[in-house]
1. Select from the stretch 150-174 the residues that are in contact with a Ser or Thr (Cβ under 9 Å, 6 or more places away or on another chain) and among the basic types (Lys, Arg) and list them in ascending order.
2. Have a look at Glu190, Glu123 and point out the one that is surrounded by fewer than 20 Cβ atoms within 10 Å (Cβ to Cβ), closer than 22 Å to Ile213 by Cβ, touching a strand residue (DSSP E or B) at 6+ places or on another chain (Cβ under 9 Å) and among the charged types (D, E, K, R).
3. Run down Ile11, Ile7 and say which single residue is under 30 Å from Tyr225 (Cα atoms), surrounded by 16 or more Cβ atoms within 10 Å (Cβ to Cβ) and touching a Gly at 6+ places or on another chain (Cβ under 7 Å).
4. Just checking, does the stretch 225-247 include any residue being of a type in the set (Gly, Ala, Ser), out of contact with any Gly (no Cβ under 9 Å at 6 or more places or on another chain) and outside any loop (DSSP other than H, G, I, E, B)?
5. Which residue is surrounded by the fewest Cβ atoms within 10 Å (Cβ to Cβ), if the candidates are limited to the stretch 126-166 and must be assigned to a strand (DSSP E or B) and among the polar types (S, T, N, Q)?
6. Which condition breaks for Glu183 when tested against (1) closer than 30 Å to Val38 by Cα; (2) modelled with pLDDT of 95 or more; (3) out of contact with any Ser or Thr (no Cβ under 8 Å at 6 or more places or on another chain); (4) not in a loop (DSSP other than H, G, I, E, B)?
7. Consider the stretch 110-157. How many of its residues are in contact (Cβ under 8 Å) with a residue 12 or more places away in the chain and at positive phi?
8. Just checking, how many residues over the stretch 20-41 are among the charged types (D, E, K, R) and at positive phi?
Amino acid sequence: MSYIPVIGLEIHIQPKTASKMFCGCSANIWKAEPNSIVCPVCLGLPGALPVPNEEAIKQCQLMGLVLNCTIASFSKFDRKHYFYPDLPKGYQITQYDEPLCSNGYLALSTGTKVKVRRVHMEEDTGKSFHQNNETLLNFNKSGMPLIEIVTEPNIKSPEEVSDFGKLVRDLARKFNISDCDMEKGQMRLEASISLKKNESDPLPDYRVEIKNINSFKFAKNAVSYEIARQTEILDAGGNISNETRGYNEKTRETFSMRQKEVEKDYRYFPEPDIPLMEFSKEYLNKQVCFLRNKLRHG
């Protein structure tokens, strides 16, 4: 049976800043000695207080404007709780219900207008290395600024997944927001895939997310494989559950990682150590004028 793909994307890009998101540590971490660019804030030590990076926030708002979003006059940071060895605080500082930017779009050459639900700011985690039955941790990446772009699930094909990612990359580079060098971890993609029988059907009651894809080719291949895998299960009368999967570049297959969390599992609440952010009309107009000047001279 033929099915209609329902695909959404989350794209993380690392903005160009001199320092990390909530501390004064250098953002120049590429090939640095493990755990050499850290401090009490990005190590999550007791009593350490975060201070937001103003330049990262401006870059996030600029990315939102590039994606035709509405820029919020009020925004805040939140805590997203989960437990993993490379997240020393036990929570990530991100944004939940009051993102910096929302309700945008980006038109593809195929004619599809990909809807952008939100563009928000958050911090990155550390990095785990698994070898010889041991896990080694490098916290240089912990606290790096990340702009997260979340689309609505109206992407129609693996080809459009790749096209959208490339367009975001090109725009981020054009406006000097990020180099989007995937080899250096400056851009990562996560795709959510499900299938439905008819265009008029409601969204499926399940969603499979493929995490941390680091090339457009791999993104296209991973989504293609996942569509085929889900089609086979549904044709056999099976059910597909909410799941987080990885992508094996050598076999070109996705593999199960864990059951997918839902929002209530993260226990979001407002970040108490960071004040609410309010942006005046004058400030927001300056951001719009800045973008227009970039377009005029770009």
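1. Passing the criteria: Lys156, Arg169.
2. Numbers: Glu123 fails: surrounded by fewer than 20 Cβ atoms within 10 Å (Cβ to Cβ).
Answer to the selection: Glu190.
3. Values: Ile7 fails: touching a Gly at 6+ places or on another chain (Cβ under 7 Å).
Every option except Ile11 fails the conditions.
4. Scanning the stretch 225-247 turns up at least one residue that is of a type in the set (Gly, Ala, Ser), out of contact with any Gly (no Cβ under 9 Å at 6 or more places or on another chain) and outside any loop (DSSP other than H, G, I, E, B).
5. If we filter the stretch 126-166 for residues that are assigned to a strand (DSSP E or B), which is where we start, we get 127-131, 134-138, 145-151, 155.
Adding the requirement that they be among the polar types (S, T, N, Q) leaves 128, 131, 135, 138, 151.
Values: Ser128: 12, Gln131: 7, Thr135: 10, Asn138: 19, Thr151: 25.
Once the filter is applied, the top-ranked residue is Gln131.
6. (2)
7. Number satisfying all stated conditions: 1.
8. Initially, the stretch 20-41 is screened for residues among the charged types (D, E, K, R), giving 20, 31, 33.
Filter once more, so that each one left must be at positive phi: 31.
Residues meeting the conditions: 1.
The values are calculated or read from the model by the stated rules, or taken from the named source; none is laboratory data. Here the structure is a predicted model, which means the values were calculated and not measured. Counting neighbours? That spans all protein chains shown, and the Cβs are built from the backbone with ideal geometry, glycine included.
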